[in-house]
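Have a look at the structure below before the remarks.
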Amino acid sequence: MGLPRFIRPKGVDEQLSPNLYVANCGPSVGLSYEIIKSVFRKFGQVKGVYAADESGARVIVSYVEVGSAQAALKALDGHSCPDLGGRSLHIRFSVLQPTSEELLTAVDDRPWNNLSKRRVQHYGYEFCYETRNVNTKERLGELPSFVSSILERISSLPDLGDSASLVLDQLTVNEYPRGVGLSPHIDTHSAFEGLIFSLSLAGPCIMEFRRYLDGSWLPKTASSNDMKVKNLENGSNLIRRAIHLPPRSMLLLSGEARYAWHHYIPHHKIDMVNDNVIRRGSRRVSFTFRKHLNFSKFAILSSGVIPVNLMLRILVGRYEKVLANVNFPSIVILKDNRKFLRCCLRIHSKTLHSDYDND
Ligand SMILES: O=C(O)CCC(=O)C(=O)O
Ligand SMILES: [Fe+2]
């Protein structure tokens, strides 16, 4: 039996729902679905009790009426429950995890802003293309509830470590018509924190990455010199990598991939990947999640050792199966805050005139 498409919302205002996410409850803590149903039935008609995940200790209780869920939450959350052997339950309203089509419908129901070649929507904070920064003076509000399941999946990704608690607060939705790409850019260092997630929906694309070698922030080790020799493209001073982003894949940019590599989408209708023809769909819609950076906080945070985790990952399926895990060849440990800021500024200033220049 597949898991129900309900999750515990996170990072958004709690929403009323007829579905409850109930933790510390389930077969692995000795509570059968029948017992759970008999307890929750006291508050209204229960449509079903389902596993919330594979733990056996978290369930979804689905009511017919929102009012029943409200009453059950009020009565049972955080209180020791005699009918459940004195166990205390942790209960939240749960939301339905939308399908790709539902996510697309949700954005299509909202107003788009037209750029010259594509359309965008911004949530949390407006992203200004002139300054390539967020307008932090004006908060647009919480991220919309239809992305709460994506935020939940992101925070439960393995290997995020401390970053799992990162509260992503800015979302840009991009709609690219068939064949339209995106100019090379590095997302402004001073605008966003170090993890950038981008979910691809509707059609696929090939995203390319390039890193300029002159003035690179990488230390000049023997291996980076070898890499230069191997990868230099016809006398140019850059190396390139391409990644296929299928629909429903999640791209995570962090470390070097986020700070030092330009990313862009070539303007093609057809891409070739190892002799395979990949046709772009009629459109690609991406959801890019970021956390706006409070620059003063950034300066303090970066005064210690900054381990730069060189990681670029694609997750596919319902954002969970690891398709590719590209570890860049070297790990950079930056110990000096000023040096770090200097190289940020240097990389940043290089991109000043190329970012979004076609938009
Ligand atoms: O469409 C994407 O996946 C990436 C969008 C992007 O790079 C950006 O908005 O900065
Ligand atoms: Fe970007």
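The values are calculated or read from the model by the stated rules, or taken from the named source; none is laboratory data. This one's a predicted model, so the numbers in the text were calculated from it and none came from an experiment. No Cβ is skipped: glycine too gets one built from the backbone with ideal geometry, and neighbour counts run over all protein chains shown.
Search the range 140-154 for residues being surrounded by fewer than 21 Cβ atoms within 10 Å (Cβ to Cβ) and over 18 Å from Phe93 (Cα atoms), and hand back the single one that is modelled with the lowest pLDDT.
Checking each candidate, the answer is Gly141.
In the range 240-280, which residue that is in contact with a Pro (Cβ under 8 Å, 6 or more places away or on another chain) and within 11 Å of ligand 1 (Cβ to nearest atom) is farthest from Thr188 (Cα to Cα)?
Once the filter is applied, the top-ranked residue is Leu245.
For the range 269-291, give me the residue count where each residue is farther than 30 Å from Ser155 by Cα, assigned to a strand (DSSP E or B) and not basic (Lys, Arg).
7
Considering Leu73, Leu20, Leu31, which residue is modelled with pLDDT of 90 or more, in a strand (DSSP E or B) and in the same structural domain as Leu89 (by TED's automatic domain parsing)?
Exactly one residue qualifies, and that residue is Leu20.
Could you tell me which numbered condition Leu96 fails, if it satisfies all but one of (1) in contact (Cβ under 8 Å) with a residue 40 or more places away in the chain; (2) out of contact with any strand residue (DSSP E or B) (no Cβ under 9 Å at 6 or more places or on another chain)?
With (1) in contact (Cβ under 8 Å) with a residue 40 or more places away in the chain; (2) out of contact with any strand residue (DSSP E or B) (no Cβ under 9 Å at 6 or more places or on another chain) applied to Leu96, the lone miss is (2).
Take the conditions part of a loop (DSSP other than H, G, I, E, B) and hydroxyl-bearing (Ser, Thr, Tyr) and apply them to Ser55. Does it pass?
Spelling it out, Ser55 is indeed part of a loop (DSSP other than H, G, I, E, B) and hydroxyl-bearing (Ser, Thr, Tyr).
Any residue in the range 262-283 that's of a type in the set (Gly, Ala, Ser): show its pairings with residues that are part of a loop (DSSP other than H, G, I, E, B) at Cβ separation under 6 Å, as long as the two are six or more apart or on different chains.
Once the first residue is of a type in the set (Gly, Ala, Ser) and sits in the range 262-283, its partners that are part of a loop (DSSP other than H, G, I, E, B) give Gly281/Gly203; Ser282/Arg178.
Restricting attention to the range 256-298, which residues are surrounded by 14 or more Cβ atoms within 10 Å (Cβ to Cβ), modelled with pLDDT under 85, of a type in the set (A, V, I, L, M) and within 26 Å of Leu213 (Cα to Cα)?
Scanning the range 256-298 gives a single hit, Ala260.
Within the range 17-38, track down each residue that is surrounded by 15 or more Cβ atoms within 10 Å (Cβ to Cβ) and among the polar types (S, T, N, Q).
Matches in the range 17-38: Ser17, Asn19, Asn24.
Quickly run through the range 149-192 and pick out the residues that are farther than 21 Å from His268 by Cα, within 14 Å of ligand 1 (Cβ to nearest atom) and in a loop (DSSP other than H, G, I, E, B).
Result: Leu168, Asp187, Thr188, His189, Ala191.
Just a yes or no: is a residue in the range 114-133 assigned to a loop (DSSP other than H, G, I, E, B), touching a strand residue (DSSP E or B) at 6+ places or on another chain (Cβ under 9 Å) and at positive phi?
Looking for residues that are assigned to a loop (DSSP other than H, G, I, E, B), touching a strand residue (DSSP E or B) at 6+ places or on another chain (Cβ under 9 Å) and at positive phi, one finds at least one in the range 114-133, hence yes.
Are any residues in the range 149-198 within 16 Å of ligand 2 (Cβ to nearest atom), within 25 Å of Glu138 (Cα to Cα) and of a type in the set (A, V, I, L, M), and if so, which ones?
Hits for the range 149-198 are Leu168, Leu171, Val173, Ile186, Ala191, Leu195, Ile196.
Residues checked against (1) touching a Phe, Trp or Tyr at 6+ places or on another chain (Cβ under 7 Å); (2) among the basic types (Lys, Arg):
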{"site": "Ser94", "(1), (2)": "yes, no"}
{"site": "Pro111", "(1), (2)": "no, no"}
{"site": "Arg119", "(1), (2)": "yes, yes"}
{"site": "Cys128", "(1), (2)": "no, no"}
{"site": "Lys137", "(1), (2)": "no, yes"}
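Since Gly179 meets every condition but one in (1) modelled with pLDDT of 85 or more; (2) closer than 13 Å to Ala260 by Cα; (3) surrounded by fewer than 17 Cβ atoms within 10 Å (Cβ to Cβ), which condition does it not meet?
Against the list (1) modelled with pLDDT of 85 or more; (2) closer than 13 Å to Ala260 by Cα; (3) surrounded by fewer than 17 Cβ atoms within 10 Å (Cβ to Cβ), Gly179 comes up short only on (2).
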